[in-house]
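Read the structure below first, then the notes.
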Amino acid sequence: MAHSLQKHLGRLFAAAQFKIDQWKSVYNSAIINNPTGRAVVSGKVILQYPKHITIGDNSYINGGWLCASPNAYIKIGDNCLISYQVHLRTDMHIYKERDILIREQGHQEADIIIENDVWIGYGAQIFGGVTLGEGCVVGAGTIVTKDVMPYQVVVGESKMRVIGERI
């Protein structure tokens, strides 16, 4: 009897979660700039500055973070596929001055442009100032800090290396 009740409650919970995710998807799609309404943004997407995010027709965002900022935008073209746990962020801490706390140095901001027919794989991270050219593919887990040319396929996590010192 207890097993049957537990199974029934599990199904009810799953159905309720599905409805919540559907509602969040509709909500997310509504607050992102897509004039035709022909884009899908999963309920598992977290948005920051949604008025600074545009998404093209027939594009699909499955989950992750879209973090625009007060002075920078995320522009996603038509027919793009963005997988789970993808993180797009237009701002970054400034950290150059050694005698000033990082938290007090402010942020730098730059747009992220994703052209048409781009596929971004699971867990990729795209940073401000990057353009992903038409038809390119960004592999799972890839950290993108510079432009990707049209139709290129890029993969790879960043290997830790010293790139300089704070002044």
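The values are calculated or read from the model by the stated rules, or taken from the named source; none is laboratory data. Since the model is a prediction, treat every value here as computed from it, not as a measurement. Note that each Cβ is placed from the backbone with ideal geometry, even for glycine, and that neighbours are counted across all protein chains shown. Note: accessible area is taken over every heavy atom of the protein model, side chains too, but ligands, DNA and RNA are not part of it. Shrake-Rupley method; radii C 1.70, N 1.55, O 1.52, S 1.80 Å.
Summary table below
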| quantity | calculated |
| --- | --- |
| Region 36-56, subset among the polar types (S, T, N, Q) and closer than 24 Å to Gly133 by Cβ, residue least open to solvent (accessible area, probe 1.4 Å) | Thr54 |
| Neighbours by Cβ (under 7 Å, 6+ apart or cross-chain): first from region 81-94, over 18 Å from Gly56 (Cα atoms) and open to solvent by 80 Å² or more (accessible area, probe 1.4 Å); second assigned to a strand (DSSP E or B) and of a type in the set (Gly, Ala, Ser) | Tyr84/Gly64; Gln85/Gly64 |
| Index of the failed condition, Gln85 passing every other in (1) in contact with a Gly (Cβ under 6 Å, 6 or more places away or on another chain); (2) modelled with pLDDT of 95 or more; (3) closer than 21 Å to Gln48 by Cβ | (2) |
| Residue tally, condition surrounded by fewer than 19 Cβ atoms within 10 Å (Cβ to Cβ) and touching a strand residue (DSSP E or B) at 6+ places or on another chain (Cβ under 8 Å), over region 57-72 | 6 |
| Matching strands (runs of 3 or more DSSP E) fully within region 28-135 where at least 1 residues are within 11 Å of the chain's Cα centre (by Cα) and among the aromatic types (Phe, Trp, Tyr) | 64-67, 125-127 |
| Selection within region 24-62 - at pLDDT below 85 and at positive phi | Gly37 |
